[in-house]
Each structure stands twice: as structure tokens, then as C-alpha cells.
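Student: First, the structure itself, so that you have it in front of you.
Derivation of every value follows stated rules applied to the coordinates shown; laboratory data play no part. Worth saying up front: this structure is predicted, and the values here are computed from it rather than measured. Heads up, the Cβs are rebuilt from the backbone with ideal geometry, glycines too, and the neighbour counts pull from every protein chain shown.
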Amino acid sequence: MTAFTSPAGRRAPRPRCRVLAFTGAGCGVLLLVAAASVALGSRTVGVHQIVQGLAHTGPADIVTLIREVRVPRTAAGLVAGAALGAAGILIQAVTRNPLGDPGLLGVNSGSGFAVTLTAAFTGSTGVTATVWSAFAGAAAVTALIVVVAASTGNRHPGQLVLVGVALGAVFSGIQAALALINPRTLDTMRTWSAGTLTGIPPGTTAFLAVFVALGLIAALTVARGLDMAAMGEDLAKGLGTRTQLTRVVAIAAITLLAGSATALAGPLSFLGLMVPHLLRPLIGPGTRRLLLGSLIAGPVLLLTADVAARLVVRPGELPVGVVTAFLGAPLLLLLLHSRGGRTR
Amino acid sequence: MRRPSRPWTPLFGALLAATIAVSGCTATGRTDDSAAPDVASGTSKGFPATFTNAWGTATVPAAPRRVVTLGYADTAVASAMGANIVGAVKSYGSVSGETKDENLPYAKPLDDSVTWLDPMTINTERIAGLRPDLILASTAFTLDEPTYKRLSTVAPVVTYEKQLYGADATEETLRIGRALGDEQGARKIVDTAGRAVAKLKADLPGLAGKTYLYGQARDGFAVMITKETNATARFMNRLGLAPLPAVAQLDGKGSVPGAIDVSYERAALFDRADALFMTYQSGALKEKFESDPVVSRLRILTSDRYLPLGIEAATALQSPNAAAVPWLIGELRTTLTTVAAR
């Protein structure tokens, strides 16, 4: 077996050991963060009351707070965090662009555009209308991007990014115009675009979790093909990878993952971008491993941001999107600085 | 060293000055201006009148004949005083698409010839085209310094003195009255508002000392008005109501001056208030507030003591101007009657 040594000559941990160590420590951290998400908030609740709330044996207000507010919020954070992390990994793998995140492929602008249209022309600004229009918008715009990119005849992955950025700008422009014309639409968009995990009905989280699971299965299916394609189209084809099919399935998975996350929590920035950069130095560049790692790292980051959002301005709250953006950018810069600018 | 010349600057300046002068001459020369109501065509007593604004001073040289109103208090007070309003901001309900009527529900309907303006974007060019000789902007919520400077080249602009919604309703009304040359008329509006408040208090003596919460629902929290630096709190105080101490004494910050942000997790506190008035920026926020697991279990939410305010009432209550007070009291009366009877 090959010995792994660091440049200084010290033995570095074997990849499998690193993965096992990451999985063990990561699951521990995830449990802690999830527990904090149930325990901490604007209202201070003792450990005994939390247990009573979970067991449905405490006072009615505590049971409501724990079981109907904090647990569903934590569940939404777990699903949206995992989906955004996995979507970020897939987008960076498909576009071979280290800046890839759901915003780059136009998923966020597609969702935002659909939410704006729904609010402006139907007057529907309720939770259900917003969630489903966001999901439909993400799916429709991603499909449009793929079709437009394919029609250009250029199969380079960078073409997808360019088309995504261009169409995203068009939709954002129309969205801004509609919002400016109608203040009610502006108010809806201002709230939605801040990103939040509050008030999401558990049924909606459960339903979208099915789409996230389907997206993950699809992503894991093509993970190896994406690794092959990263070595070059010709080499990948030579090794038997159907690169076009791999890319199509990956984009469908991105739509399911990012669309579900955006529908659940709004357009959260930096999470999809940050998770791959955080994981690569810990568990290596393999897409399959990264995808599985994102199921831990994504929720940890999102729930940490959400707990911070509840505590920093007590007795009020901040939208979680504000915290992910505020913490995400410096964290990413720190990460890149510590790695000397390497992106893979 | 010779400075590079800028031949276009003086030419452009001269053209701009000429355009403004021509439009000013045209305005005073129009015959239809003589049809302006008493307030505009009346005595020039009190002019020139100078006003200290947030971004400078403005002098109204003579009784105005063509008035543009950029705030809701400006429209309501000026129309109540019979000013010749040639341009006014549309009601917020019509801008948001909730109603079709551009007129404010508490103001005298404006003439059909009035030009309706968008309160969200102040269009200087459009306003200049109306050839006003006075622009009232004492509650123009989208006005900023650059826009004020641009508008000041069109006509004298009267804004708030220090900050938006910072003035007392009486002070604000008298200021508008002075700009229109009819302080007497403004005082009558103030007196009418005072009588409406006094009548309510006489009809509902039980209202004195009762507590209220007035808030705007946001995503996961409500912005609750607690301090008298806020115009709504001052109005509620006039009615004899006090902000709920349990919320007012919370240690925290608010998204707007004189308010505190309260997470829905702490919503159990809302049940202690005698009255709960809420406003919503969107249907989604109303749905989220009312269906929140903690909020939806509040007793007050299913009682007559909870009043979700419509868009016009919410806008009027944000800065209750004297002309709106009788109408506002009518909007709140049913809830206040229930509260007073507790």
C-alpha cells in the first residue's frame, strides 16, 4: 500500500482515515448544531423544558415552541443546507468553475423571477404560492439555460455559465422593473430575497425533501462520470463515460437540489459556493465523497447561521440570508488565503 | 498653467435658467389659475414666507396658485384647505393595486384634472411640467437631498424640518397652512382633529390607561412601536393608550425609530395587551404571522381586540396627520370600543 507523506516528510493521514475522521467528527458537530437549533432562540428555555417540549409533556406554550417552531425550523435547515451544499458541488463539477453556486446557473434568478411574476400578476404572496412558484421558476429557467446553451453549438461547460449569467441578468432586470412598479411586489421580493427558515410548514419541508433525495440519488449516479469529465472530454469518452448524458443528469440534479433549497429558504448566497471549498482540503476532490460530505457540512453551516440569526439581535431576529452572506464571504476569503489560492 | 476651458457648462446653465424662467412666466400668465380656490387666490398676507427644511431653506414669495403635493399629509391638509392642487401622489392602495381610487379615503376627492404622481419615484421632469409655484413635501417618504435640490429649481419646496415623520401633527398642519397662506384654515383642521379625539375619549372613558401593541409583521418577528419618538405612539398616547410595558421594557433594538423587534417566539407577550394593531407589507407576511404556531394560539388573535389594518389605515397611522384623524378614529373605533369595555 502506498504511504502518504506530507512535503515535510511526516506521514499524512490516509484518505480513508481522513474521510472516516471527517464523518465521525462531522456527524458529532451536526448533532450539536441541530441540538443548539432546537435549544436556542429569542425565548430562553431550560434544558428540562426542552426535553418536556420534545416529549410533549410540558406546558402547552413550550410544547408549541419546541415541536412546532424550532424542530420544523431545524428540519428545514437540514434539508436546505444539504441541498445547497450538494448543488454547489455539482455546479462546480459541471461548469469546472470554482465560483459555481446556484446563482451562477441562474437558479436563484429563475426562482426570483417566478415569485415576482406570481406576486405581480396573480396577487398571490402566500407561503404556498411562493414556494411552488420559486421551485417551478428554478426548473424552467435551468431548462431554458440548457436549451439556449445547446443551441449555440458550443459544448464547453463554460458556455452554460455564460448563458446562465446572461439570462440571469435579463430575469433580474425584469424582476427589478416589476418590483419597482408595484410596491406590494417589492415588499414580497424584499422579504423573500432575504432568505429565511421561519414559518415553513413541515409538510412543505417533507415534500421538498423528496425532491432533494431524488436530486442526490441522481447526483451520486453521475459523480464518477463528472470526475472523469474533469480530466478532459476525450479521455472521459475513451474510458466509457457518456459525457453528455452525465451533464444532463447532473443539471437535472442541480435543478432539483437548488430549486428545492431556494423554494424552502429563499436565495441563500455563499453556502453553495463555500461548502465545496470547505470540504476539498478535508476529504479530497472526489465528487461522490464531496456530495456525501455536503450532507454534513451544508446543514452545519446553515443551522449555525440560523442560530446566530436568532441570537445576535434578541429579542428580534435577522433573516438567515443576511448571516450567511455576512459570515460566508470572510470565511471563504480566510479559507482561500490559508490554502494559498488553490481551488482544487 | 492655463485651465482647460469648458465651453458647454455656461451654455447649459444658461439654457436651464432660461427654461425655468420661461416655465415660471408661463405659470403666472395662465388664465385658468384665476380659478384657484380662496386659499390660493386670497390675500398675500404672510408672504414671503421662509421655511427651514431638512436640506436648506425655501421662500414662498406669494400665495401659491398651483400646488404639487408629494406626501399624504400634504395632500390631505391642502385639499381640506381648498388649495389648487395640480399634482398629487396617488394613494398607496392604488399604487399597490389594492384599490383603483387614487384619492386618499380621508381627503376631499381631488379634481379630475389633477395629475397623479407615483409616491415611490419622484419624477422632477413631470412635476416641472405641471408648473407649480409651491411643492409640499412635508411627508414625502421617498424624498432625498439630491431630489430636493432638483425640485427646488422648479418651485419652492417645503419639506419636514428635521426628519421624516418627526414633527407633531399640529406643527406639521400649521406649517402646511403657513405655506398656503392660510394658518387660520390649518388651525380649523387641527381643532376638528382635536374635537374628534376628545369625543372618542368622552364616549369611551374606559380607554384611558389601556395598553396596546402596534406592529408591522416581518419575517419571523414583529416591529413593535414602543416610544413616543414615533408618530404612531404619539397618536395612540393622545387616545389615552399606552404601549404594553412587557414589550416596551424589553432590551433590544428596533428596525424603525421608537420601536423594538420582537421574535414570534416571544409572541406570548402579545396576549397581555388590551389591543393588538398589526400592519402587513404583503399577504405572505400576514399569512406567516397569523399561522405561526405561537402567534396562532394567542387569545387576542381570535378576539375583537386584534385589528389587522388595511393598507390606507396603516399608511395613515404611520404618521397620523390632522386631516386624517377623524377617519382614522372611525377605522379603529370598533376595536377601541371593545378595549374600553374590558
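Student: Show the residue pairs meeting these rules: Cβ distance below 7 Å; 6+ apart or different chains; first residue within segment B:318-329 and over 22 Å from B:Leu213 (Cβ atoms); second residue among the charged types (D, E, K, R) and surrounded by 21 or more Cβ atoms within 10 Å (Cβ to Cβ).
Tutor: So the pair list comes out as B:Asn321/B:Glu172.
Student: Determine whether segment B:75-95 contains at least one residue that is of a type outside the set (Val, Ile, Thr), free of Cβ contacts under 8 Å to residues at least 60 places away in the same chain and at positive phi.
Tutor: No, every residue in segment B:75-95 fails to be of a type outside the set (Val, Ile, Thr), free of Cβ contacts under 8 Å to residues at least 60 places away in the same chain and at positive phi.
Student: Considering only residues that are assigned to a helix (DSSP H, G or I) and not polar (S, T, N, Q), which ones fall in segment B:222-249?
Tutor: Of everything in segment B:222-249, those that are assigned to a helix (DSSP H, G or I) and not polar (S, T, N, Q) turn out to be B:Ala231, B:Ala233, B:Arg234, B:Phe235, B:Met236, B:Arg238, B:Pro245, B:Ala246, B:Val247, B:Ala248.
Student: Return the total of residues in segment A:213-240 being in a loop (DSSP other than H, G, I, E, B) and small (Gly, Ala, Ser).
Tutor: Residues meeting the conditions: 2.
Student: For segment A:241-344, give me every one of the helices (runs of 4 or more DSSP H) that falls completely inside it and has 2 or more residues that are in contact with a Phe, Trp or Tyr (Cβ under 6 Å, 6 or more places away or on another chain) and either of a type in the set (Lys, Arg) or over 24 Å from A:Ser193 (Cβ atoms) (or both).
Tutor: Result: A:271-283.
Student: Restricting attention to segment B:217-240, which residues are within 14 Å of chain A (Cβ to nearest Cβ) and crowded, with 22+ Cβ neighbours inside 10 Å?
Tutor: B:Ala217, B:Arg218, B:Asp219, B:Gly220, B:Phe221, B:Ala222, B:Met224, B:Ile225, B:Thr226
Student: Could you please find all residues in segment B:293-338 being of a type in the set (Lys, Arg) and more than 10 Å from chain A (Cβ to nearest Cβ)?
Tutor: Within segment B:293-338, B:Arg299, B:Arg305, B:Arg333 meet the criteria.
Student: Could you list, ordered by first residue, the pairs with Cβ atoms under 6 Å in which the first is in segment B:279-292 and more than 7 Å from chain A (Cβ to nearest Cβ) and the second is of a type outside the set (Ser, Thr, Tyr), at least 6 apart or interchain?
Tutor: B:Thr279/B:Gln216; B:Thr279/B:Leu309; B:Thr279/B:Ala314; B:Tyr280/B:Ala217; B:Tyr280/B:Lys286; B:Phe289/B:Ala217; B:Phe289/B:Val295
Student: Out of B:Arg175, B:Arg126, I need the residue that is away from chain A (no Cβ under 14 Å), under 25 Å from B:Leu317 (Cα atoms), out of contact with any Cys (no Cβ under 6 Å at 6 or more places or on another chain) and not in a loop (DSSP other than H, G, I, E, B). Which one?
Tutor: After ruling out the rest, the residue left standing is B:Arg175.
Student: Condition (residue is of a type in the set (Gly, Ala, Ser), away from chain B (no Cβ under 12 Å) and in a helix (DSSP H, G or I)) applied to segment A:190-208: is it met by at least one residue?
Tutor: Yes, the conditions are met somewhere in segment A:190-208.
Student: Same structure, new question: Hey, any hits in segment B:209-217 for a residue that's closer than 30 Å to B:Glu265 by Cα, in contact (Cβ under 8 Å) with a residue 60 or more places away in the chain and not in a strand (DSSP E or B)?
Tutor: yes
Student: From the list A:Leu303, A:Leu264, A:Leu311, pick out the single residue that is surrounded by fewer than 24 Cβ atoms within 10 Å (Cβ to Cβ) and either in contact (Cβ under 8 Å) with a residue 60 or more places away in the chain or under 28 Å from A:Arg18 (Cβ atoms) (or both).
Tutor: Matching residue, one of A:Leu303, A:Leu264, A:Leu311: A:Leu311.
Student: Still on this structure, I have one more. Evaluate the following for B:Ser255: is it among the hydroxyl-bearing types (Ser, Thr, Tyr), within 14 Å of chain A (Cβ to nearest Cβ) and touching a residue at least 40 places away in the same chain (Cβ under 8 Å)?
Tutor: So B:Ser255 fails the test.
Student: Specify the residue that is nearest to the other protein chains (Cβ to nearest Cβ); the eligible residues are those in segment A:308-325 that are of a type outside the set (D, E, K, R) and more than 17 Å from the chain's Cα centre (by Cα).
Tutor: Within segment A:308-325, the match that is nearest to the other protein chains (Cβ to nearest Cβ) is A:Gly316.
Student: Is it the case that A:Ala60 is surrounded by fewer than 24 Cβ atoms within 10 Å (Cβ to Cβ) and among the hydrophobic types (A, V, I, L, M, F, W, C)?
Tutor: Answer is yes for this residue.
Student: When you scan segment A:170-187, do you find a residue that is under 30 Å from B:Met120 (Cβ atoms), within 14 Å of another protein chain (Cβ to nearest Cβ) and in contact with a Pro (Cβ under 9 Å, 6 or more places away or on another chain), even just one?
Tutor: Yes - at least one qualifying residue is present in segment A:170-187.
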